[in-house]
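Okay, so here's the structure we're looking at.
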Amino acid sequence: MAPLTLALGTAPAQAAGCTTEAGPHQKQVEKFLGRPVDGKQSSADCKVVRAFQAKHGITPDIGYAGPVTWGVMDLMNKQEAAGKNPNKAGTCPVDKGRVACVDLTRQLSWIQDGKKLVHGPVPVRTGRDGYETRTGLKKIYWRNENHHSTIYDVPMPYAQFFDGGQAFHSVGVSMWNPPGSHGCVNMTENDAKKYWSLLKNGDEVYVYGRKPGT
């Protein structure tokens, strides 16, 4: 798994908490953020990159255009490219009736009924390295709107369990916050509420792909 902080022998030179060095993905990050694409780190570049890092919990948030920051942006690009046809490749089964699909590779989930898209796609945050969200065809077997994890002592609102302790539920962090969950499929509160209203016990969940970095 790629490290979640700078993979450097020494930290880049910093000025007032902001790196003055260009990162290995400088031009890609500049383009994503709408900055002038020159491959050179300016103080203005750093402020914009730092704001992005702080928003999504990427550490250290010093404005360095490294692999973790670009990895998040690249994932966002791929999610946007999915548009309203997330199952274009036909990987999620269309012969199961209503099914909640979870694409680990793109960190996307949606609900479909046959070939009809019912809701989504929405960004999700799945299991980190060592706590991967398990793949395969599952079924929702237990739901608890105000669940609290006894293992991690954290709230799991709108929890819908489909594989052991793994469930859909809302969290209060960015969907792009590395490194990921302990195996659950995290969602924003609004998306978790919508899934709660659309799914029920016995509905199928299909998890496939591989989360980047696992």
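Assorted remarks:
- In sequence order, the stretch 129-139 has phi-based couplings of 4, x, 10, 4, 5, 6, 8, x, 8, 10, 9 Hz under the Karplus curve 6.51 cos²θ - 1.76 cosθ + 1.60, θ = phi - 60°, and Gly or Pro positions carry x.
- Under-5 Å amide H pairs with Arg98, H placed in peptide plane, nonlocal only: Gly114
- Cysteines in the chain that, by Cβ-Cβ distance, have no pairing candidate under 4.7 Å: Cys184
- Radius 13 Å from Cβ of Gly17, net charge of other residues (Lys, Arg +1; Asp, Glu -1): +1
- Of the labelled figures (i) 0.96; (ii) 1.10; (iii) 1.23, only one reflects Cα Rg over 2.2 N^0.38 Å as derived from the coordinates, namely (ii).
- Paramagnetic reach from Thr150 (point 7 Å along Cα→Cβ, amide N under 16 Å) across the stretch 159-185: 164-166
- Each other residue within a Cβ distance under 14 Å of Met76 adds +1 if Lys or Arg and -1 if Asp or Glu, for a net charge of +3.
- Most positive-pole-ward Cα, Ala22, His56, Ser42, against dipole of the stretch 14-79 from beta carbon charges: His56
- Filter on Lys40/Lys88; Lys115/Lys138; Lys116/Lys194; Lys138/Lys211; Lys31/Lys194 - keep pairs with C-alpha separation over 27 Å: Lys40/Lys88; Lys31/Lys194
- Estimated 222 nm signal from helices in the chain, with DSSP H stretches of n ≥ 4 weighted -39500 (n - 2.57), rounded to 500: -7000 deg cm²/dmol
- Of Gly71, Gly23, Gly164, the residue with the greatest mean-square motion in the GNM of the chain, using alpha carbon springs below 10 Å, is Gly164.
We did not get these values from a lab; they are worked out from the coordinates using the rules stated. Worth saying up front: this structure is predicted, and the values here are computed from it rather than measured. Methodologically, a virtual Cβ is constructed for each residue, glycine included, from the backbone with ideal geometry; neighbour enumeration extends over all protein chains shown.
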